[in-house]
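One structure is given below, encoded as structure tokens.
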Amino acid sequence: MDKIEAQKILDNQKKYFNTGNTLAVKDRKAALKRLKSAIDEYEEKLCEALKEDLGKSSSESYMCEIGLVKSEISYMLRHVSKFAREKRVRTPLAQYVSRSFEKPSPYGCVLIMSPWNYPFLLTIDPLVDAISAGNTAVLKPSAYAPKTAEVMEQMIKSCFAPEYVKVVNGGRAENTCLMELDFDYIFFTGGKTVGREVMRRAAEHLTPVTLELGGKSPCIVDKSANIALAAKRIVFGKYINCGQTCVAPDYIYCDETVKEELISELKKQIRAQYGEEPLKNQNYGNIINEKHFHRILGLIDGEKVVIGGGSDEKSKKIEPTVIDNAMWSDAVMGEEIFGPVLPVLTYKSVEEAVRKLQSMPCPLALYIFSSDKKTIRYFKERVSFGGGCINDTLIHLATSAMGFGGVGESGMGSYHGKHGFETFTHRKSIVDKKTFIDLPMRYAPYSKWKDKMVRMFVK
């Protein structure tokens, strides 16, 4: 695709948006219902594609991708009528007689750029929010998950005209063409490097953006935690999708007195959830490509591995791995791991742990395993992070009732549910001034009595 073709796609969408066909709530709901029906129709193909791209089982594909999208659609169908209503606000007495209100309005044509790790969820979930808000959309999935991108393109074609929703597949050339265009809004999910480039390109057109990025999300385990349950839930959150999850626990930061017990339980849970030979487990996925496969292997210090560390280059699989005695200076702590490698570090006091986390870039997620309310409150209040869980992992993003997003280097903006609707919505502030009366005090020529009246009402 060249720039001329890309511009034509955008022009057609803007023309369609200007017809007003996306504005009525009933039409938005109809679009969401068509999308949900198409997902049902293509579910088997989507599961097959996710299996081919990432090795995901059908259970994982539904639980972590397809089912969550369906849930978001169901939520929007129940609530979009309320979200789209005008909201009346108080009118100052000086504006008598008037009605003041905010009118939610779509931005127009939005660009949604998604990553490869959850290629269906992170493409279609923001699309649901964009449609609910009344926008048209161009979708640009990652080229690293080509089978899923291909099925999504077929699915979208089956339920939307290209001037309403259009999938553009391809690689860097297509990304460049699209980012050069004057979209009304850009929603990007991916890494920090590309996120900075998206923001730079958007600034040329003063286009508002949402950036869903990543970071090294810590998992705190204090001495009051239920260690066995903590290990079970950490293993689930870390190794699902082979650790290729933007909110996966990147490392464990635990009280030094519970480290040995925690590592022992982690070993038990890895064996329980993935078997003695994870590389032969058909439900255990693979690393997306050879580049990332070798990058992750390069982060593993074999002398510090207490379980795992094995790999199979042909299938691009790496065993669930735990690294003991990790140091902040280790290579594995220098970047977001985004793979099935879990370093364990320790702290002597809660205060020490908080100071260390405060000195680091804000993570996308933070997980606290503790039964001590004071400790939990201390971490919640003192550490900046996008979102997280207490005594669990990942599940905070699996609800439409809360927003999901980062802070600082982990991103800006949020989506899901009402937050997603607001992300793709501009609120017009409007005053409806009546004509049967017109107070004279604001008009020149000014006088002492007019000044007195203004000061009476405006203060």
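Worth pointing out:
- Elements of the type helices (runs of 4 or more DSSP H) sitting completely within the range 112-192 and holding at least 3 residues that are out of contact with any Gly (no Cβ under 7 Å at 6 or more places or on another chain) and either among the β-branched types (V, I, T) or without any contact (Cβ under 8 Å) to a residue 12 or more places away in the chain (or both): these cover 121-132, 146-159.
- Residue-level check: of (1) in a helix (DSSP H, G or I); (2) without any contact (Cβ under 8 Å) to a residue 40 or more places away in the chain, R85 misses just (1).
- When the test is whether a residue is free of Cβ contacts under 8 Å to residues at least 24 places away in the same chain and either surrounded by fewer than 21 Cβ atoms within 10 Å (Cβ to Cβ) or of a type in the set (D, E, K, R) (or both), R233 does not pass it.
- Looking only at the range 230-267, and only at residues there that are β-branched (V, I, T) and within 19 Å of the chain's Cα centre (by Cα), the one that is farthest from L366 (Cα to Cα): I240
- Within the range 262-292, the set of residues being farther than 14 Å from I234 by Cα and of a type in the set (S, T, N, Q) comprises N281, Q282, N283, N286, N289.
- Filter pass, D372 being surrounded by fewer than 13 Cβ atoms within 10 Å (Cβ to Cβ) and either within 30 Å of T257 (Cβ to Cβ) or touching a Ser or Thr at 6+ places or on another chain (Cβ under 7 Å) (or both): no
- Number of the exception - R377 against (1) free of Cβ contacts under 8 Å to residues at least 12 places away in the same chain; (2) over 27 Å from L229 (Cβ atoms); (3) part of a helix (DSSP H, G or I); (4) not acidic (D, E): (2)
- Put simply, of F457, F421, F404 the only residue that is among the aromatic types (F, W, Y), crowded, with 17+ Cβ neighbours inside 10 Å and in contact with a Leu (Cβ under 7 Å, 6 or more places away or on another chain) is F404.
- Among the candidates Y96, Y107, Y118, Y185, residue that is within 22 Å of the chain's Cα centre (by Cα) and either surrounded by fewer than 24 Cβ atoms within 10 Å (Cβ to Cβ) or modelled with pLDDT under 95 (or both): Y107
- Those residues of the range 2-60 which are among the small types (G, A, S), touching a residue at least 60 places away in the same chain (Cβ under 8 Å) and not in a helix (DSSP H, G or I), in sequence order: G55, S57
- Inspection of the range 396-406 identifies no residue that is touching a residue at least 12 places away in the same chain (Cβ under 8 Å), assigned to a loop (DSSP other than H, G, I, E, B) and either aromatic (F, W, Y) or over 30 Å from Y107 (Cα atoms) (or both).
- Checking each residue in the range 337-369 for being surrounded by 20 or more Cβ atoms within 10 Å (Cβ to Cβ) and part of a loop (DSSP other than H, G, I, E, B) picks out I337, F338, G339, P340, P363, L364.
- Test result for Y274, within 16 Å of S315 (Cβ to Cβ) and surrounded by 24 or more Cβ atoms within 10 Å (Cβ to Cβ): no
- Yes/no for V221 being in contact with a strand residue (DSSP E or B) (Cβ under 8 Å, 6 or more places away or on another chain), β-branched (V, I, T) and surrounded by 24 or more Cβ atoms within 10 Å (Cβ to Cβ): yes
The values are calculated or read from the model by the stated rules, or taken from the named source; none is laboratory data. Since the model is a prediction, treat every value here as computed from it, not as a measurement. Every residue, glycine as well, gets a Cβ built from its backbone with ideal geometry; the counts of neighbours run over all protein chains shown.
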